[in-house]
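The values are calculated or read from the model by the stated rules, or taken from the named source; none is laboratory data. Model, not experiment: these values are computed from the prediction. Cβ: placed from backbone, ideal geometry, glycine included. Neighbour counts: every protein chain shown.
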Ligand code: NDP
């Protein structure tokens, strides 16, 4: 049952489409946020992803478990009739109750930290922004409040992990690796459960009906989400919780578990494993240090909560973002000093570009342009847009600093860092390079998607911006 407010929003869309004029021309709310209409390409991509993404995850994890991380060997054996899909399936470890117990404790602990331990770190860590923070304005014109305590949750979780490994010995630090595939079934159960719950909730009891989007296509609604910011109670925000924890808090623990496994199997830890742990930990810590900033990124500001985020955060992220560490358990690559230094440099330069670009935008937006970027006052384009409630708002698009070099240099830096993780694994197999291929597709698609949204939101002002800054990711090229 669609709420009446959502139907009103849909009706407005129908009127908009009927007369062919842009919302700006009409002085009506602009169409920003995720799509209302589904074209055949989006629909087939959605159905393809719903059907194949779980198998992609299974394939990579199984390739490591059964074929020493060879991606081609299972296909060759299948082609030559030496194995069957059924025998691959029957060799894969199945669901276990002990894994379910571990997973339930893990998720419950993260819910507890998120909900019951208000942030105190912002009170004594200089420069850190935590505690209750405002999100960005939603398409309906609301500004949600969030309890930002991710850094604290990460620190508590990792302090406990360390205390267990050093003193308590309640469980082995290899516990995650040892239960990797049984845990994957549990992660899938949670991923599907939370996506289905969010889907149903959007119809029956949405948190904010004005911010729901119904396309009329059930697959698209399920995958891309209907509700913008589903919540349980006042504070349990699905997007903030599932995006950051348990997936991203787990990321560094998963890597530590892989490192412990390497130590257990070979008696030493390779420099490649240390590089992957350090570079990815830097990325994860950056995420939590800047969690308040993260409230202003596309994930929170523009994406609706569906299977794409729900299942993606529970399964895709922890299983595919950590493939390098998993690979290094099976192939303990020891890099030459030159190779290791090159990887470290690429990772750090990438991180610097990624962080500085994000920081420049954040500083610029927070101070409304009254700041210094690369030693001088930033230049910008004044823009206006309408929210769903018809309100007229103003914004600014910076045209100096990294944002004057290209329109998404933060993605470029992210891609350089991603390539560094992969290159840390040497050149023996393609499996660890899946990550850079995936990130390139994700960020190029995201860039196009974001620019489409910005163009709808800002209209001719966006065109003025792209005239001044013509390239997206690589100056002079793309
Ligand atoms: P951005 O932080 O680049 O945000 C894009 C938004 O910034 C636009 O929608 C627009 O929003 C605003 N904007 C665009 N141009 C300008 C400008 N010139 N001046 C001021 N504001 C501008 O994108 P994301 O949220 O996608 O990414 C944030 C970070 O997260 C990136 O570094 C990305 O690499 C990383 N990321 C990592 C992922 C991973 O899986 N590892 C996945 C996704 C992102 P507005 O409507 O407010 O104007």
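Things worth noting here:
- Within the stretch 323-341, the set of residues being assigned to a helix (DSSP H, G or I) and either closer than 17 Å to residue 260 by Cβ or touching a helix residue (DSSP H, G or I) at 6+ places or on another chain (Cβ under 7 Å) (or both) comprises 323, 324, 325, 326, 327, 328, 329, 330, 340.
- The residues of the stretch 368-378 that are outside any loop (DSSP other than H, G, I, E, B) and within 11 Å of the ligand (Cβ to nearest atom) amount to a single one, 373.
- Top-ranked residue in the stretch 408-467 [being under 19 Å from residue 276 (Cα atoms) and free of Cβ contacts under 8 Å to residues at least 12 places away in the same chain; ranked as nearest to the ligand (Cβ to nearest atom)]: 437
- Taken over the stretch 133-183, the residue count meeting the criterion of being touching a residue at least 60 places away in the same chain (Cβ under 8 Å), surrounded by fewer than 20 Cβ atoms within 10 Å (Cβ to Cβ), farther than 20 Å from residue 114 by Cβ and touching a strand residue (DSSP E or B) at 6+ places or on another chain (Cβ under 8 Å) is 2.
- Residue check, residue 365 near the ligand (Cβ under 8 Å from one of its atoms) and not in a helix (DSSP H, G or I): no
- Residues in the stretch 78-123 that are touching a strand residue (DSSP E or B) at 6+ places or on another chain (Cβ under 9 Å) and surrounded by fewer than 15 Cβ atoms within 10 Å (Cβ to Cβ) were compared, and the one that is nearest to residue 231 (Cα to Cα) is 111.
- Any hit, the stretch 383-396, residues being touching a helix residue (DSSP H, G or I) at 6+ places or on another chain (Cβ under 6 Å) and within 18 Å of residue 293 (Cα to Cα): no
- Enumeration of residues in the stretch 35-51 that are out of contact with any helix residue (DSSP H, G or I) (no Cβ under 6 Å at 6 or more places or on another chain) and at pLDDT below 75: 35, 37
- Checking the stated criteria, residue 87 turns out not to satisfy the condition of being at pLDDT 95 or above, closer than 30 Å to residue 186 by Cα and not in a helix (DSSP H, G or I).
- Test result for residue 135, within 22 Å of the chain's Cα centre (by Cα), on the phi < 0 side of the Ramachandran plot and within 16 Å of the ligand (Cβ to nearest atom): yes
- Residues located in the stretch 379-399, provided they are more than 9 Å from the ligand (Cβ to nearest atom) and in a loop (DSSP other than H, G, I, E, B): 379, 387, 388, 389, 390, 391
- Candidates 239, 261: the one that is in contact with a helix residue (DSSP H, G or I) (Cβ under 9 Å, 6 or more places away or on another chain), closer than 21 Å to residue 162 by Cβ and buried (at least 17 other Cβ atoms within 10 Å of the Cβ) is 261.
- Residue within the stretch 196-216 that is crowded, with 18+ Cβ neighbours inside 10 Å, under 29 Å from residue 329 (Cα atoms) and in contact (Cβ under 8 Å) with a residue 40 or more places away in the chain present: no
- Residue match in the stretch 407-418 (condition: outside any helix (DSSP H, G or I) and closer than 19 Å to residue 362 by Cα): yes
- Neighbours by Cβ (under 7 Å, 6+ apart or cross-chain): first from the stretch 300-318, under 17 Å from residue 236 (Cα atoms) and at pLDDT below 95; second within 9 Å of the ligand (Cβ to nearest atom) and part of a helix (DSSP H, G or I): 300/294
- Filtering the stretch 283-304 to residues that are more than 10 Å from the ligand (Cβ to nearest atom), touching a strand residue (DSSP E or B) at 6+ places or on another chain (Cβ under 9 Å) and not in a helix (DSSP H, G or I) leaves only 295.
- Pair list, Cβ < 6 Å and 6+ apart or interchain, from the stretch 359-387 residues that are within 26 Å of residue 286 (Cα to Cα) to residues that are part of a strand (DSSP E or B) and near the ligand (Cβ under 10 Å from one of its atoms): 364/398; 369/380; 369/396; 378/398
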